[in-house]
Amino acid sequence: MNSSTPGKHLLQMAAAVAAVIALMILATLLIDPYRVFGITNWNQKNFMPNSRYLQMEALKTKSAEAYVIGTSRVNYYTVKDFQELTGLTCYNLTTPNGTPHENLLELQWLLARQKPKMVLMGLDYDIQFLNTPLTESYLQKWMHPETTGTPLWRFRLEYLRFDVESTWLAIKRNFFERKVTYRFDVETGHYSLPKRDDDIRDNWAAYEAAQFQGQPPEKRRAHREHDDDVRQIVALLKKHGVEARFVFTPMHRLTLATFDRPDYEAWKARMREICGTVADFSEDPAIMNENRLFYEPVHFRAEAGRMVLEKLFAKELKAP
Amino acid sequence: MLFNSSIFLFVFWPVALLVTWALSKWSKVAAAQGFLVLASLFFYGWWNPSYVVLLAGSIVVNYGLGCLMLASRGGTRTAWLALGIVLNLGLLAYYKYWGFLCTNFGSGPPMETIVLPLAISFFTFTQITYLADIRSGKIESNGFLDYVLFVAFFPHLIAGPIVHHRQLIPQFREPDALRPTLAGIVPGLALFILGLSKKMLVADLFAPYADQVFQQAATGSGVPMLQAWYGIAAYALQIYFDFSAYSDMALGIAMTFQLRFPVNFFSPYKAASVIDFWRRWHMTLSQFLRDYLYIPMGGSRHGLPRMLAALMITMLIGGLWHGANWTFVFWGGLHGLFLIVNHLWLRWRKKTGRAPLPRPLGMAITFVCVLVTWVFFRAGSFSEAWTLLGSMIGLGGGASPFPIKFWTVVLMVAGLAMVFRGPTTMQIMRHTRPAIDSIEDDGTPPRLSWALEPRWAYVCGALFAACIIRLNQPSPFIYFQF
């Protein structure tokens, strides 16, 4: 029983496609779990927004005298400790799973707008393993379009795709989970893990047994493709007259055990050659063997970060 | 190029349709045919351009052999056929089975050094049947363009249906063929969208649960019985929705070019016996195996023992056709065994005058048999398969690494209801003549029969929009690996 012509049917179909997509776009703009549209900012906990984007947006209106750059590990060189130990206002540009290339792009964007006095960069051997494009959760980690030169419409278009799973996850975690497992603070650039801190405080033995299980036995080797990005970071900071501090970040002994030792030593030597002085905390016995200073074998905690900063700025502390 | 990718949906297919329409309107149909050959090679080359040479070479050599066979008689013709079979199987053996052969029967380069060309099993077997039919005098002549388009036509090239030359080449000569019209495009698009939705909105939902269970089994540790059954049922639904979706899409695309392919799926899980299952699952492969393996081996013409042997050999080869792994051979062997039992049961019933099993019982037994065979089809190794089978009979331990959640149970129930109670897309589209074969009326209510009505435009439009939104995560079809 036909009640239409093929042409009319096709138009009706196209209208239905357009209507559903328009509804989805509206919903996406309003729900915005990654907080890139900024119309609603209800996602405040337990679901990672696009923190790289939010950091850059924040730095459009605020500035600092010092910046901490690097992977998720540098999150634990806290702004508070940094300011207390150096007297410089600070912003933390931690980039979870970030590569030196991302750090370079963010610095280029930043130094075109601001003139900080100091940049502290954490160098991680194991981030060098990352040479594949981000797939899962890439919307949480896509860089600010102004840092990469991606057209704004292209960036926004990607976030207009309605992702049912992520949206539901964000809603569930914000409104149906009481404990706070993750929170991002756009004012400092830091993320925090309150539930983990509570678990550590309340039942350390159980936490330790669950988290420090050992690492995969294979010996992993780094890719060399990031060396040039570090070299460019050094040159960029020098060009802008910014004091650069480099540290090999603290590693847990279980993580160290997964490294290919000769390759790791060679990487360190290359970094020293590129960066000049690099303060080495990667095998500090006071940190690497102390489980309490780590969340798990990959990430050290703020206490360890404070120890690093204290040692790093000891000279300044001792100065009259 | 995947059917469920933006480049195919919004560029390749519309451009192919538009150019075909323009060429057939303002030029000769042969021009449209030539364009579709180039488009199909481009479609194939999108995955790996270097293998276009392989496909094109295979087509040219087989066509040439076909011409030589047509020009010869008797023993010479048979010799050319033998050469054709050796060349085709040699190509297949090198690319698909070399690693398998070396691992099991000798030495050679490791398997990973040879990249399996997409669709090699499909286009090789299609061409062997062509040569075999020339040998038996069923083909008198064919134009080169007809032949190339028959083998390479992009909707069926990668994962079937396995189209027979007798089914497709004569269509090229029909007056409407390759002259796209809105009247053909609209139902074709509707069928495509129903298939796309089956793939993107249904099949892909089951994949994570099946993957979880098989990955756990691959580590050597079992899973609780319920999880094991849940996981294998999830895989059964995933592969059905995935592969039947591809077939629907292929048929839908062909319809937009005013061509028809054979039906490939017809509610296989509604089968009340394993014999019935193979008349409903991957029907074009079943027909191919029947016509070119089972019947030439004697079929049922030489007594029971020979028939059962032919059946088993056919299914073993059918298993090997799917992949170079003993688990596929075993899968085929299991189906062969079930078919043998099924045939013996039928004979015994006939002899004793017993009534058939109640249909629901037959369906349940068949489904369980098929689930058991899927374990070997999906597992990467026998140890993985045995671990999962052990779990299915309660030997997997009580630990629950991934508890079944409420909504996943809802999903499973909905999926099973669709395959056991719902109409197939072929039945939904029955009035539009979606395939070469006529589709039997199984009493599908009129409200579930597609028609040129606004409600179907809105349903298909909404489904298409839902698929578009998920296009950023396209997943390949399971049958691409074969």
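The values are calculated or read from the model by the stated rules, or taken from the named source; none is laboratory data. It should be emphasised that the depicted structure is a prediction, and the values quoted were computed from it without experimental measurement. Note that each Cβ is placed from the backbone with ideal geometry, even for glycine, and that neighbours are counted across all protein chains shown. We work out accessible area using only protein heavy atoms, side chains counted, and drop any ligands, DNA or RNA first. Shrake-Rupley method; radii C 1.70, N 1.55, O 1.52, S 1.80 Å.
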In cubic angstrom per residue, the convex hull of chain A built on its Cα atoms measures 187
Mean other chain Cβ within 10 Å across A:15-25 is 5
The extension gain from B:K28 to B:S141, computed as 0.36 nm times the residue separation minus the Cα-Cα distance, is 38.6 nm
Between the residues A:V74, A:P100, B:P403, the Cα farthest towards the positive end of the dipole of the protein assembly as shown, that dipole coming from +1 and -1 charges on the beta-carbon of Lys, Arg, Asp and Glu, is from B:P403
Per the Cα gyration tensor, the range B:29-149 corresponds to an equivalent ellipsoid with semi-axes, largest first in Å, of 27, 22, 8
Measure of exposure for A:R113: accessible area at 1.4 Å probe, Å² rounded to 10, is 130
Sequence order, the range A:232-247: Karplus ³J(HN,Hα) from phi using 6.51 cos²θ - 1.76 cosθ + 1.60, θ = phi - 60°, Hz rounded, Gly and Pro as x, gives 5, 4, 4, 5, 5, 5, 5, 4, 8, x, 9, 5, 10, 10, 10, 9
Across the alpha-carbon set of the range B:201-283, Rg over Rh with Rh taken as the Kirkwood radius works out to 1.10
Charge dipole of the range A:145-299 built from unit charges on the beta carbon (Lys, Arg +1; Asp, Glu -1), centred at mean Cα; most positive-end Cα among A:Y207, A:G149, A:M271 is A:G149
Filtered hits (lysines, Cα-Cα < 30 Å from A:K195, offset >= 8 within chain) -> A:K45, A:K62, A:K80, A:K141, A:K172, A:K179, A:K311, B:K405
Put B:W348, B:W26, B:W450 in order of accessible area, largest first, probe 1.4 Å, and you get B:W26, B:W348, B:W450
If the chain between A:A205 and A:R270 were fully extended at 0.36 nm per residue, the gain over the current Cα-Cα distance would be 19.4 nm
Heavy-atom accessible area with a 1.4 angstrom probe orders A:T94, A:T5, most exposed first, as A:T5, A:T94
Partner shielding of B:180-190, taken as the mean number of other chain Cβ atoms within 10 Å, equals 3
Ranking B:S6, B:A30, B:L157 by how far each Cα lies towards the positive end of the charge dipole of the range B:1-159 (+1 on Lys and Arg Cβ, -1 on Asp and Glu Cβ), the top one is B:A30
Output for the range B:155-234: trypsin sites (Lys or Arg not before Pro) sitting in coil per DSSP, at most 10 other Cβ within 10 Å, listed by number, reads B:R173
Row for the range A:137-197, column shape: gyration tensor on C-alpha, a ≥ b ≥ c, rounded if a/c < 1.5 i.e. under 1.5, prolate if a/b over b/c, else oblate; value oblate
So the FRET efficiency between B:S475 and B:C102, C-beta based with R0 = 22 Å and rounded to 0.05, is 0.10
Cα-based Rg and Dmax for chain B, in Å, come out at 22.9, 70
Fraction of alpha-carbon pairs in the range A:164-304 farther than 17 Å apart, rounded to whole percent, equals 72
Expressed in µm² per second, the diffusion coefficient of the protein assembly as shown from the Stokes-Einstein equation, with Rh the Kirkwood radius over alpha carbon pairs, at 20 °C and 1.002 mPa s, is 70
